[in-house]
Amino acid sequence: MSKLLGGALSLAFLVLPMSTVAQQVEASLIEKGEELYQGQCAVCHQDSGVGDPPAFPALSGNDQLEDPGRVIRSIHLGRGRMPPFPNLTAEEMLSLATYVRNAWANDFGSVTSEEVAVAQEGLEPSGPIASVWDGVITEAQATRGQTAYSGACGSCHGRRLNGAPDDPDMRSTPPLARARFMRIWEGRSLATLFEYTRASMPEDNPDSLSDQEYLDIIAYMLTVGGMPAGEDELFLDPQSLAQILIQSQP
């Protein structure tokens, strides 16, 4: 009897550390996923996951997150207003998908490495990463963007793009260039900036400009921020825009 009891206790001690390790792994995934969410997703979906419908749907309480494959492919390829995030590694995708499926009001369980691999099967690998300092805009595009900015954005965001409106009675707005802009947008892609701008600006009439005008305005914003011009313009290809990261000067 004592031998049996001793064996049972030994088995119990063998099982408990495994359970603890599993819990630590889960906690590590959630922590890493939250960090990724804050850096890439919260600007549109909010810290609380409530989003800003209809442009940015709520993730909290969203039944579409129940299917891990749908979540992973949507993150990789983009969906609707959501830009693609093709540069996330399998581990980052695992962490982010696990986080959004279990944060706030959600309780859909963790995602496995196997589910990530199956969902990403057949998807095109990410291309080379570029920076806004690599000459991804042209002077001509920035000049067009300045004209579009003056008509649609300048009265609120100011002539210097510093968020100080021309009318002193108007409230201040987010800066669109230089250090204060970089504090908000560093590490995010031009695809995210484009979709956010198109879906929310101008504030009183979002999505009222052409796609080309939004791209031109972004080119102007980058020029004011000191980013150099090159030989090729930005063009409307979400995957290409997703490969260009907003970064501080090297």
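Every read-out reported here was derived from the displayed coordinates using simple, explicitly stated rules and does not represent laboratory data. Note that the structure is predicted; figures quoted are calculated from it, not measured. Here Cβ is always computed from backbone atoms with ideal geometry, including for glycine, and neighbour counts include all displayed protein chains.
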Complete set of residues in region 216-250 that are in a loop (DSSP other than H, G, I, E, B) and either within 20 Å of the chain's Cα centre (by Cα) or polar (S, T, N, Q) (or both) = LEU234, PHE235, LEU236, ASP237, GLN243, ILE246, GLN247, SER248, GLN249
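Taking the criterion of being crowded, with 18+ Cβ neighbours inside 10 Å and in contact with a His (Cβ under 9 Å, 6 or more places away or on another chain), would at least one residue in region 91-102 satisfy it?
In the first step, residues of region 91-102 are kept if they are crowded, with 18+ Cβ neighbours inside 10 Å; the result is 92-102.
Going one step further and asking which of them are in contact with a His (Cβ under 9 Å, 6 or more places away or on another chain), we end up with 93, 100.
Checked against the condition, which is being crowded, with 18+ Cβ neighbours inside 10 Å and in contact with a His (Cβ under 9 Å, 6 or more places away or on another chain), region 91-102 yields at least one hit.
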Just to be sure, is ASP167 among the acidic types (Asp, Glu) and surrounded by 20 or more Cβ atoms within 10 Å (Cβ to Cβ)?
-> no
Test: GLY61 is of a type outside the set (D, E, K, R) and crowded, with 16+ Cβ neighbours inside 10 Å = no
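Of all residues in region 147-166 being part of a loop (DSSP other than H, G, I, E, B) and in contact with a helix residue (DSSP H, G or I) (Cβ under 7 Å, 6 or more places away or on another chain), which is farthest from LEU222 (Cα to Cα)?
Initial filter on region 147-166 (part of a loop (DSSP other than H, G, I, E, B)): 153, 158-166.
Of the ones still in play, those that are also in contact with a helix residue (DSSP H, G or I) (Cβ under 7 Å, 6 or more places away or on another chain) are 153, 161, 163, 165-166.
Numbers: CYS153: 15, LEU161: 11, GLY163: 15, PRO165: 19, ASP166: 21 Å.
If we take residues in region 147-166 being part of a loop (DSSP other than H, G, I, E, B) and in contact with a helix residue (DSSP H, G or I) (Cβ under 7 Å, 6 or more places away or on another chain), then ASP166 is farthest from LEU222 (Cα to Cα).
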